[in-house]
Structures are given as structure tokens and as C-alpha cells.
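The values are calculated or read from the model by the stated rules, or taken from the named source; none is laboratory data. Note that the structure is a prediction, hence the values are computed from the model and not measured. Note that we place each Cβ from the backbone using ideal geometry, even for glycine, and neighbour counts take in every protein chain shown. Quick note on the areas: whole protein, heavy atoms, side chains included, nothing else; ligands and nucleic acids left out. Shrake-Rupley method; radii C 1.70, N 1.55, O 1.52, S 1.80 Å.
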Amino acid sequence: MQNRFKLIQVLLVISINMVLGNTADTIHYLVDLTNVKDDLFHVTVYPKGLTTSSNLFNFPATAPGIYTNIDFGRYIKSFKAYNKKGNEITSFKKNTNQWEIENPENVYKIEYDIEDTYDSSLDTVKVFPMCGTAIEDGFIILNTFGVLGYFNDKQNCSITLTLNYPKDYLLGTSLEKAGVSVYQAENYDKLADSPILLGKLSKATTYVNNIAVNLFVYTTDSLFRAENIIGIVDTLLQSASNFIDYSPVKSYSFLMCLLPDSIRMRQGQMGGGALEHNQSSLYFLPADMNELSMLKDVVIHEFLHILTPLNAHSELIHNYDFINPKPSKHVWFYEGVTEWGSTVAQMRCGYKSLQQYLQKITDYLRLNDAFKKDYSLCEMSLESYTNKGRKTFLNFFNRGAITAGLLDIRLLELSNGEKGLRELLLSLVKEYGKDKCFKDEEFFEIIVKKTYPEIQDFIDKYICGTEPLPLTEYFNKVGIEYIYEKPADSDKPSIGSNIGMNDNGEIITQGVTTGADYGLKEEDVILEIFGEKLTIENIKDVLDKKNTMKIGDHFPIKIKRDGEEISLNGVMSRFIRRHVFSIMENPTPDQLVLREVWTRNL
Ligand SMILES: [Zn+2]
């Protein structure tokens, strides 16, 4: 279904010739958003310096940070090239994302219409709005890579972009301004790294460690306006900037679409999240007070991406191939280390207590329980563009973060408390930065060279390998006790497992504990329990029956495992908590010393 609406007011009509000038090898884009029909972005491209080798015009398959192919060429509705006299030059669709143009050196302009991804009927699985595009009543998400294509040999050309948009709209972006409604970028990669949010936005500004932070919010709930959100995220950003320790950018823009679930549901948009960029991040999240902690966690995570991959990345990100992106081995580093940083930074600044930090690790571990154990972080990274990889991608934020936390403890131990993972990360950022990259294949070697030979063993076992994470041993080093399973103090009965859902929408066991030693296994499909068929609709009512039962009571349960239906005689057991951490009250002097450095930024 498409939203049809007319935008009436025009901000300014810019004379194209004024902007174009006469510079060689520039690409100028004009996007008219003043009279939008059928959710189409109407784009005109004025290239300078095209040669015979500029015969392909490309729309990205995907962009950095997305790790899945969207194929924006699918959304093209019309495509035409013209010479200076206004005659059409022959062009044809070569494949999903590429248009071939005959005699490109004669091209004066290209005109095309591209549909937004937001409510496109093309996809059964929705493109997350922060990775796609949207033209809605009140706001426009213009991810530049989702609207603007490029000539195959002109990815490094300088760019100007004119945006004509309604007068009552505000525009948020980290793109540099070159005039009224005109923006510029040194090349296509820089343009693609700069999303634009337009609409009836609220705006607030703060300074964090000399970085001018601009927050632009589109919301229908006044509680979530920029002036309110800035107060919530300000302290967090201070934690993040203490962790980063320097100011890698002069300014940073948060671009947020915060909508209540009622609106999101009506628009078929229940998913959401955020996407990081060098000087900005784009958010599509619920406007829900109960979800504030999620908003905070996402904000600090995205901000910390300033470190990696933005200022420490391999050549696969540096020379990004928008058409055939090659997977990096190091998503564990880009996402796992960033997620770890976003939690540990809050603890080290006193924003979260040690106890709260440990609770977050418990959450990571419980979520990690739902993912395959025999799939290493390296494999997950290399297969991130495949179906298998996509299904486990979320675990970079769990297993990736926990593994990073363990690497930190190991580094602190080996350096006698002088350098942890944060210090390694900062030294990588200093050495590489945004303009220099490391070789994907050599990164582990670089890490070992910068640290200790023992780290190779850590990499082999826990990053490239699938050995169980040494939680007990490592947390013990900092005087924290870790227990895999601990019976609860109360007499609360349990069937011995949590409940989840598999890809087929079936109800399955998740996090099976030793309490289910009557025969339940991980990922069994539960067909019947307590004598009733279990469905998504009745799940709560049926499972609530356990509240009337006692530990030791028997109950029937029918499951499906490897296609075979099995009836089990279930036994209610004491509720068992998984992944329990406690701070040791009498740590040894060594434990105390390491704990002290572990809980602060060195
Ligand atoms: Zn991330």
C-alpha cells in the first residue's frame, strides 16, 4: 500500500546552473521533494566529465553497516538519459542495480524515479527504515545510498546535492552545506555515509567533549521531542566521550524517528533500530517510555561506532563495493567490541553500577543461549550476507560483546593492569583513523603484534573457534563469581526451560536447564503441555497453569524433535537462574587490583 499525499509549500527553487558551475568531474544531484507523488523520489543527475567508461549507472546493493543486500535498483520506476538538446540517449537495465548508457560522454542529465522502501509492496520482509528510505506524511528518510546512484568510474568525484523540500520542514544531516538547500560531499562514499532526515522535526544541540552534537527528532509524541531527549542522552554521551577520550569529529548529528507503536503498527513497521555513520546515526525506534533504556543503549552504541568501524576498519569497508560487497572477517570487532564498549563505558563512568553491568552481561548470555554454539564469530562475520549469517547476526551484540569483555580482562591481566581492550582500540584508531585501513586478512596478526602472543590463543579458541567461553576462569580474575545455573531461593516451579519461537513460527524450548532432565532438549517444538495444544494465541493462559502446581508435580508434554513426535512425562522443578554473577566479598589482593583497573577507563 502506498501513501499518497501532496506537499504543497515550496522552500526555494534553486537555479541548477548556479550550482553546477563549470567544474570538471563533478556530479550534481537534484532531488525535488516539494511535489511528491506515489512515494517516489524524483532525481535529476547532472554529470560533468563523463567518458566512454562511465557507461554504467549503479544503485547500491547495500551500504556499510547493513550487512544484507537490499538491492535499491529494484525500487527504480523510470530511468532516462538525455543529451544537451533534450533528446533521449539510449539506456537499458543491465541487471537489478545497474543501468547501461550508450554514449555516456553525451549525457547532459539523467532523470529517474525511485520508490521508497518504507511501505513498498516489493518486500515481504520489511527493509528496516534506518537502512532504507521513506516518504511519509510529516517526515522523509533519505538514506542517500537508497536514492542516489553513481557512475561506475565516478565514485571518487566530488558531489553537490540540491534538495527542494517543503517550507515547514527542517532538514537534519551531517553533510556540509554549500548554499541554500545545497550540500556537498568529497565523493560518493562520503555522500552515502551521510543520511538525511527531513520533516516537521524538533532540534536540540549540546556539546560533548568539543563535539557539537545536533539532535533532530521526528515524533508525534511531545515527550520525545528533541529538547526532552537531549537531556536523557547527554550524560550518556559524556560516558561515551570519556571512553573515546578524544574528539575524532567536530560535529555529530543524531537523526531520529520516534513513533508510538500504534502508528508503527498501522504503517506495518514494528521493527527498527539504528545505523551508524561517521558523523551521524539514523534511528527508527518506538516512542515508548518503557523502551527508554533501549533508546539509551542504542544511542551510546551508535555513537561509539565513531571508533570502529569508522576509524578502525579493513580495506573491505574502506574501498566499499556498493554493488558486490565482500564480507569482512571482523564484524565481531565492529559490532561486538562496540556493543561491549557501550555497556562498559557506562559502568566506568558511574552511570551504571558494577551490579548493573553484570546484569547486562547476564542478559547478553541469556540471549546468546538462543543461538547456535558451533558457529564461530569469524564464520558469522564471513557469512553475514548469507541467509544463515543473517539469522545469527543479532548474536554479534551478545556473544560478540561477551567475547570482547573477556578479551578485555585477558589483556588487562597480561599487561598487569596497564592496557585493556579500550586501550588497544584507541591505539588502533590512532594508527589507522578514517583515511587508512588494515588488511582484513592481517587484522588478527596486527592485534597479536600490538598485544601478546597469548592473544593468538584467545582468537583461535573464542573468536575463530567455538570453544565454550571461559566465563568462570576470566571473571574470577577480577573477583567476580560466575555460576552457570543457580536454583532460585523461592519455590517457584518451572518446566525446566524458557520458551521461544523458531523461524517457522513454532513454539520451542530455549535455555533448557538441568531442571528438565526428564528429557527436554534445546529447540524442541512444544506441541502440547498440561493436556492442551499450545498455540501462540493461548500460550500465556496455558503456561500460567504451572503457577497452580508444585515442585515435583508431574505433567504431560508432547514435543516434536527432528520431525518425530515424542510424549514426555514432565516433572516440575525448582526455577533455575542461568548465568548468575556475584561480586566476591573477600577478593585476593590480585583480584582486587585487577578489578580496580577493570572498572575504570585507564
Ligand atoms: Zn552497531
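How many residues does the stretch 516-533 hold that are touching a Gly at 6+ places or on another chain (Cβ under 9 Å), open to solvent by less than 50 Å² (accessible area, probe 1.4 Å) and on the phi < 0 side of the Ramachandran plot?
Number satisfying all stated conditions: 4.
Can you pull out every residue in the stretch 303-343 that is within 14 Å of the ligand (Cβ to nearest atom), open to solvent by 10 Å² or more (accessible area, probe 1.4 Å) and farther than 20 Å from GLU431 by Cβ?
Across the stretch 303-343, the qualifying residue is only GLU339.
Could we say that SER376 is touching a Phe, Trp or Tyr at 6+ places or on another chain (Cβ under 9 Å), within 14 Å of the ligand (Cβ to nearest atom) and open to solvent by less than 40 Å² (accessible area, probe 1.4 Å) here?
The answer is no for SER376.
Listed residues SER262, SER247; which is open to solvent by 30 Å² or more (accessible area, probe 1.4 Å), farther than 21 Å from GLN346 by Cα and away from the ligand (no atom under 16 Å from the Cβ)? Full working, then the answer.
On the way: SER247 fails: farther than 21 Å from GLN346 by Cα.
Criteria check complete, one pass: SER262.
Please determine whether any residue of the stretch 486-502 is free of Cβ contacts under 8 Å to residues at least 60 places away in the same chain and of a type in the set (Gly, Ala, Ser).
Yes, some residue in the stretch 486-502 is free of Cβ contacts under 8 Å to residues at least 60 places away in the same chain and of a type in the set (Gly, Ala, Ser).
Identify the single condition in (1) in a loop (DSSP other than H, G, I, E, B); (2) more than 14 Å from the ligand (Cβ to nearest atom); (3) polar (S, T, N, Q) that SER293 does not satisfy, given that it satisfies every other one.
All conditions are met except number (1).
When you look at ARG390, is it surrounded by fewer than 22 Cβ atoms within 10 Å (Cβ to Cβ) and closer than 22 Å to ILE70 by Cβ, yes or no?
Answer is yes for this residue.
From the list LEU171, LEU223, LEU197, exactly one residue is farther than 27 Å from SER54 by Cβ, open to solvent by 10 Å² or more (accessible area, probe 1.4 Å) and in a strand (DSSP E or B). Which is it? Outline the logic, then answer.
On the way: LEU223 fails: in a strand (DSSP E or B); LEU197 fails: open to solvent by 10 Å² or more (accessible area, probe 1.4 Å).
So the residue among LEU171, LEU223, LEU197 that is farther than 27 Å from SER54 by Cβ, open to solvent by 10 Å² or more (accessible area, probe 1.4 Å) and in a strand (DSSP E or B) is LEU171.
If I filter the stretch 108-156 down to residues being open to solvent by 30 Å² or more (accessible area, probe 1.4 Å) and hydrophobic (A, V, I, L, M, F, W, C), which single residue comes out as nearest to the chain's Cα centre (by Cα)?
Going through the qualifying residues, I end up with PHE128.
Counting only residues that are basic (Lys, Arg) and open to solvent by 60 Å² or more (accessible area, probe 1.4 Å), which one in the stretch 534-557 is nearest to GLY515 (Cα to Cα)?
Ranking the qualifying residues of the stretch 534-557, first place goes to LYS550.
Looking only at the stretch 452-491, how many residues end up being touching a Ser or Thr at 6+ places or on another chain (Cβ under 6 Å) and crowded, with 19+ Cβ neighbours inside 10 Å?
2
From the list MET294, MET289, which one is under 17 Å from the mean Cα position of the chain (by Cα), open to solvent by 10 Å² or more (accessible area, probe 1.4 Å) and either aromatic (Phe, Trp, Tyr) or not assigned by TED's automatic domain parsing to the domain that holds PRO64 (or both)?
MET294
Would you confirm whether any residue within the stretch 237-244 is over 20 Å from the mean Cα position of the chain (by Cα), open to solvent by 20 Å² or more (accessible area, probe 1.4 Å) and over 30 Å from GLN155 (Cβ atoms)?
Yes, some residue in the stretch 237-244 is over 20 Å from the mean Cα position of the chain (by Cα), open to solvent by 20 Å² or more (accessible area, probe 1.4 Å) and over 30 Å from GLN155 (Cβ atoms).
Which of (1) among the charged types (D, E, K, R); (2) modelled with pLDDT under 95; (3) crowded, with 19+ Cβ neighbours inside 10 Å does ARG410 not meet, given it meets every other one?
(2)
Which members of the stretch 370-426 meet the condition of being over 30 Å from VAL593 (Cβ atoms), among the basic types (Lys, Arg) and outside any helix (DSSP H, G or I)?
Residues satisfying the conditions are LYS372, LYS373.
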